[in-house]
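**Q** I have a structure I would like to understand better, so I am pasting it below and will then ask my questions one at a time.
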Amino acid sequence: MNNNERDKYICQEYKEGGSIGELARTYGLTEERIGQILRENGVPRRPRGVKEKRPLSALHSRIGLHLYNYRFDRGIELYPAAKDLGWSALKLRKVEKGVKEVELLDLLDIAAYTGTKVGELLEKTNG
């Protein structure tokens, strides 16, 4: 990925709610550089002070953990996994933390990626 593509993803993920700190960690840049990229692309900054989000529910947390463990057990890094799922790295990270709503299409993506049927995925995470 070249810098122009990276900057486009950074701006998009920031507009979708990603924090500057989170984006800096995800892309291996400083928070100052993320701020510069946003300014260069005319993206307005949000007010500071947003707390770390808690998982939306125990189910969201378990689905995220299932996906994270699948990746971890196979040694799959964040970016290749996100690309395979057709998601942004930020979305994958948020799903794994349980702080993003998981829609039916997301469940289908997770099931296909992990080789698990949706019903089995919900059963595994619902106990």
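**Q** What dipole magnitude, in Debye to the nearest 20, does region 58-125 give about its Cα centre under +1 on Lys/Arg Cβ and -1 on Asp/Glu Cβ? Walk me through the numbers before you get to the answer.
**A** Details: 11 positive and 10 negative charges, 41 e Å.
Using Cβ point charges on Lys, Arg, Asp and Glu, region 58-125 gives about 200 debye.
**Q** Here's a follow-up. How far apart, in nm, are the 7 Å Cα→Cβ label points at Asn3 and Glu103?
**A** So the label points at Asn3 and Glu103 sit 3.4 nm apart.
**Q** How large are Rg and Dmax for region 58-125 when only the alpha carbon atoms are used, in Å?
**A** When restricted to the Cα atoms of region 58-125, Rg and Dmax are 10.6, 28 Å.
**Q** Grab the DSSP H runs of the chain that are 4 residues or longer, score each as -39,500 (n - 2.57), total them, divide by all residues and round the 222 nm result to the nearest 500 deg cm²/dmol. List each step's numbers first, then the result.
**A** On the way: 8 runs with 84 residues, N = 127.
About -19500 deg cm²/dmol.
**Q** Given Cα pairs under 8 Å that are at least 6 residues apart, what percent is the relative contact order of region 58-125? All intermediate terms of the calculation are to be shown ahead of the outcome.
**A** Numbers: 57 pairs, mean separation 28.2, N = 68.
Once divided by the residue count of region 58-125, the mean separation gives 42 percent.
**Q** Next up: Where Rh is the Kirkwood radius over the Cα pairs of the chain, the temperature 25 °C and the viscosity 0.890 mPa s, what D in µm²/s does Stokes-Einstein return?
**A** Numbers: Rh = 15.6 Å.
Rounded, D is 158 µm²/s.
Read the figures in this text as sums done on the coordinates, not as results from a lab. Just so you know, these numbers come straight off a predicted model, no measurement behind them. Note: ideal-geometry Cβ built from the backbone for every residue, glycine included; neighbour counts use all protein chains shown.
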